[in-house]
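The values are calculated or read from the model by the stated rules, or taken from the named source; none is laboratory data. The model shown is predicted, which means the values in this text are computed figures rather than measured ones. Positions of Cβ are backbone-derived with ideal geometry, glycine not excepted, and every protein chain shown enters the neighbour counts. SASA here: full protein model, heavy atoms, side chains in, ligands and nucleic acids out. Shrake-Rupley method; radii C 1.70, N 1.55, O 1.52, S 1.80 Å.
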Amino acid sequence: MTIAWVGGIVTDRSTCVLAPNPGAMTLEGTNTWVLMEPGSARCVVVDPGPLDEQHLQRVLDVVALRGARVGLTLLTHGHLDHAESAGRFGELTGAPVRAVGSGHDGLSDGDRLTVDGLDLVVVATPGHTGDSLSFLLAAENALLTGDTILGHGTAMVAWPDGELAAYLHSLQRIEAMTGSRQVTRILPGHGPTVPDAAGVVRYYLDHRSERLEQVRAAVAVRGADVEGVVEMVYADVPRELWPAARLSVLAQLEYLRVHPQPWLPGRGQRRDSDR
Ligand SMILES: [Zn+2]
């Protein structure tokens, strides 16, 4: 039923070049996004990905095929699977690389970026990491979400770099953007594009809420013991993902320590099963 995600042309303005780094945390690999206004001379590249010369060459080939060159490179966050090649890609293209906190040209919420008619707006979406950004491609009602929302499964909030309260706030912010139809499509950092942005962000909020209530219940039985909570709450998750689950539990325990009351009444009680 599922068609394998291999990247390629997604919309008039967006093409995905899939990096060759598939894995449990990276799904089919990192999505390197090439964005440009049709017919223009310069493009924007989001997340050049791991340091892999062949991958970078493929990205440059995609850009050259459109008769363009790279005018700007953006990073959704600093994790190596997205950003390791940033310095090398900057050398290859001569174009600036911008991210959160990268000195004088560091990006912040609300920044407008325009490259040859292509308009992007920076949307700060901390939580997966403190430096996580999304980019709004308003012309296509599309949001590039990095690792904040993925093409399938759910995203990871890993203590201590990730922060659950911030993540929930970011998801609610994206939910508001889908509610106003400003965003209808997600272009994620891993996995296929999501045509139903409103549906996926609702699912993410429900999933987070359910996990939190499961962790709360597990703590009531086992105490705030990470191993005990992982065994109870993540029993359905493959063991290879348990190291990640431990970090996720740490983020949730910290959240529950600061927020002892259930959040958003009505969420998390809709289903017994957790996807
Ligand atoms: Zn990633």
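The residues listed here are Thr125, Thr76, Thr93; of these, the one that is surrounded by 15 or more Cβ atoms within 10 Å (Cβ to Cβ), touching a helix residue (DSSP H, G or I) at 6+ places or on another chain (Cβ under 9 Å) and more than 25 Å from Pro192 (Cβ to Cβ) is Thr93.
Here's the yes/no breakdown for (1) open to solvent by less than 60 Å² (accessible area, probe 1.4 Å); (2) touching a residue at least 60 places away in the same chain (Cβ under 8 Å):
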position	(1), (2)
Ile174	yes, no
Ala197	yes, no
Val201	yes, no
Tyr204	yes, no
Gln214	yes, yes
Asp225	no, no
Gly228	yes, no
Glu231	no, no
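Each residue in region 122-139 was checked for being farther than 18 Å from Arg42 by Cβ and away from the ligand (no atom under 16 Å from the Cβ), and 5 of them qualify.
Each residue in region 1-59 was checked for being more than 16 Å from the ligand (Cβ to nearest atom), of a type outside the set (Val, Ile, Thr) and either over 19 Å from Ala99 (Cβ atoms) or part of a strand (DSSP E or B) (or both), and 19 of them qualify.
Taking each residue of region 138-156 that is closer than 15 Å to His207 by Cβ and free of Cβ contacts under 8 Å to residues at least 60 places away in the same chain and looking for partners that are within 11 Å of the ligand (Cβ to nearest atom) and of a type in the set (Asp, Glu) with beta-carbon atoms closer than 8 Å, six or more apart or interchain, yields Ala155/Asp147. Restricting region 101-121 to residues that are in contact with a strand residue (DSSP E or B) (Cβ under 6 Å, 6 or more places away or on another chain) and farther than 16 Å from Ser14 by Cβ, which is least open to solvent (accessible area, probe 1.4 Å)? Going through the qualifying residues, I end up with Leu107.
Which residues, taken from region 172-216, are more than 16 Å from the ligand (Cβ to nearest atom), within 25 Å of Pro22 (Cα to Cα) and out of contact with any Lys or Arg (no Cβ under 7 Å at 6 or more places or on another chain)? Steps first, answer last, please.
Within region 172-216, the subset more than 16 Å from the ligand (Cβ to nearest atom) is 172-185, 195-203, 205-216.
Next, from what is left, pick out any that are within 25 Å of Pro22 (Cα to Cα): 185, 195-197, 200-201, 203, 207-208.
Once the filter is applied, which keeps residues that are more than 16 Å from the ligand (Cβ to nearest atom), within 25 Å of Pro22 (Cα to Cα) and out of contact with any Lys or Arg (no Cβ under 7 Å at 6 or more places or on another chain), region 172-216 yields Arg185, Asp196, Val200, Val201, Tyr203, Arg208.
Of all residues in region 63-88 being under 16 Å from Thr114 (Cα atoms) and touching a Pro at 6+ places or on another chain (Cβ under 7 Å), which is farthest from the ligand (Cβ to nearest atom)? Quick ask: steps written out before the conclusion?
Quick first cut of region 63-88, residues under 16 Å from Thr114 (Cα atoms) only: 68-75.
In the following step, the residues that additionally are touching a Pro at 6+ places or on another chain (Cβ under 7 Å) were identified as 72-73.
On the way: Leu72: 20, Thr73: 16 Å.
Out of the qualifying residues, it is Leu72.
Regarding Gly146, is this residue closer than 21 Å to Arg208 by Cα, at pLDDT 95 or above and touching a Gly at 6+ places or on another chain (Cβ under 6 Å)? So Gly146 fits the description; yes.
Listed conditions (1) buried (at least 17 other Cβ atoms within 10 Å of the Cβ); (2) within 20 Å of the chain's Cα centre (by Cα) are all met by Gly179, apart from (1).
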